[in-house]
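**Student:** Mind looking over this structure? Questions follow.
The values are calculated or read from the model by the stated rules, or taken from the named source; none is laboratory data. Keep in mind that what you see is a predicted model, and the values were worked out from it rather than measured. Please note: Cβ atoms are built from the backbone with ideal geometry, for glycine as well, and neighbour counts cover all protein chains shown.
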Amino acid sequence: MTTTRPFYRLPISIVPAAAVGSLVMGVTLFAIALFLVRLSVIESLVGAVIGVAMHWILEIVHNIGHAYAAQSTGYPMTGIRLGFLGIFAMSLYPKDEPTLPARTHIRRALGGPFLSGVVAVIFLVLAILMGDSNSLIAWLVRWGVFESVFVFSLGAFLPLGFNDGSTILYWLRH
C-alpha cells in the first residue's frame, strides 16, 4: 500500500519499504550513537529517531532541487516516492513525457545534488562552529554533514545504476 501526501504541489508517496529502511537505519544510528559516540541510551534513542527524520527531510530537499531544475526546463516532476531500496526516494516524471534532449535530463539530475550541496555547506559551518563537542546536537550535525555531503551531494554523482550519477553518465554518452 502506498500513502500519498502533497508537498509543495508535489505528491509524496511512501511505499512500505520505507518503514523497513527507516527501522534498519534507526537501529544502526542507535548503535553508532551508543557504542561509538558514547551517548546515553536515551540520547542515542532520541538521536536515532531524529537522525532518521533528518534523512527523509534531506531526501525531500534533494528532490526539491530536482523539482526546481525540472520546472526550469519546462518538463516538471509529478511527484516524489519515498522508500526506493528502503532508504532512498525517486523523482517521478510523467509516463507520457516526450523524448527529451540529453541536456534536459542532465539539468534535472543536477538539481538535487546542487541543493544538497547548499545544505551541506550549512551543516559544515555548523559542525565547525560546534568543534569537538560530544553532545547529541553535535552528533546530529555531523550526521547531517555525512548525509548531505556523502549521500546527497558528492555521493549522488557515483554511477550506481539508479541515481543521479547514472542519469548524468547515461545522457553524456547519448
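**Student:** Identify, by number, the condition in (1) surrounded by 13 or more Cβ atoms within 10 Å (Cβ to Cβ); (2) assigned to a helix (DSSP H, G or I) that Gly86 doesn't meet.
**Tutor:** Just one mismatch for Gly86, condition (2).
**Student:** Among the residues of the range 1-30, write down those that are surrounded by fewer than 15 Cβ atoms within 10 Å (Cβ to Cβ), at pLDDT 95 or above and either at positive phi or not in a helix (DSSP H, G or I) (or both).
**Tutor:** Scanning the range 1-30 gives a single hit, Pro16.
**Student:** Within the range 40-66, work out how many residues are closer than 17 Å to Val145 by Cβ and without any contact (Cβ under 8 Å) to a residue 12 or more places away in the chain.
**Tutor:** 2
**Student:** So, one more: Taking Ala33, is it touching a residue at least 24 places away in the same chain (Cβ under 8 Å) and either surrounded by fewer than 17 Cβ atoms within 10 Å (Cβ to Cβ) or farther than 21 Å from Gly165 by Cβ (or both)?
**Tutor:** On the way: touching a residue at least 24 places away in the same chain (Cβ under 8 Å): yes; either surrounded by fewer than 17 Cβ atoms within 10 Å (Cβ to Cβ) or farther than 21 Å from Gly165 by Cβ (or both): yes.
So Ala33 fits the description; yes.
**Student:** If you scan the range 63-80, which residues turn out to be among the aliphatic types (A, V, I, L, M), touching a helix residue (DSSP H, G or I) at 6+ places or on another chain (Cβ under 6 Å) and not in a loop (DSSP other than H, G, I, E, B)?
**Tutor:** Of everything in the range 63-80, those that are among the aliphatic types (A, V, I, L, M), touching a helix residue (DSSP H, G or I) at 6+ places or on another chain (Cβ under 6 Å) and not in a loop (DSSP other than H, G, I, E, B) turn out to be Ala69, Ala70, Ile80.
**Student:** For the range 93-102, check the following and say yes or no: at least one residue is surrounded by 17 or more Cβ atoms within 10 Å (Cβ to Cβ) and touching an Asp or Glu at 6+ places or on another chain (Cβ under 6 Å). Full working, then the answer.
**Tutor:** Here is the first cut: in the range 93-102, the ones surrounded by 17 or more Cβ atoms within 10 Å (Cβ to Cβ) are 93.
Applying the additional criterion that residues be touching an Asp or Glu at 6+ places or on another chain (Cβ under 6 Å) yields none.
Looking for residues that are surrounded by 17 or more Cβ atoms within 10 Å (Cβ to Cβ) and touching an Asp or Glu at 6+ places or on another chain (Cβ under 6 Å), one finds none in the range 93-102, hence no.
**Student:** When the range 152-165 is examined, which residues are found to be part of a helix (DSSP H, G or I), surrounded by fewer than 20 Cβ atoms within 10 Å (Cβ to Cβ) and hydrophobic (A, V, I, L, M, F, W, C)?
**Tutor:** Taking the range 152-165 and keeping what is part of a helix (DSSP H, G or I), we get 155-157, 164-165.
Retained after the next criterion (residues that are surrounded by fewer than 20 Cβ atoms within 10 Å (Cβ to Cβ)): 155, 157, 165.
If the condition is that a residue be part of a helix (DSSP H, G or I), surrounded by fewer than 20 Cβ atoms within 10 Å (Cβ to Cβ) and hydrophobic (A, V, I, L, M, F, W, C), then Phe157 is the only one that fits.
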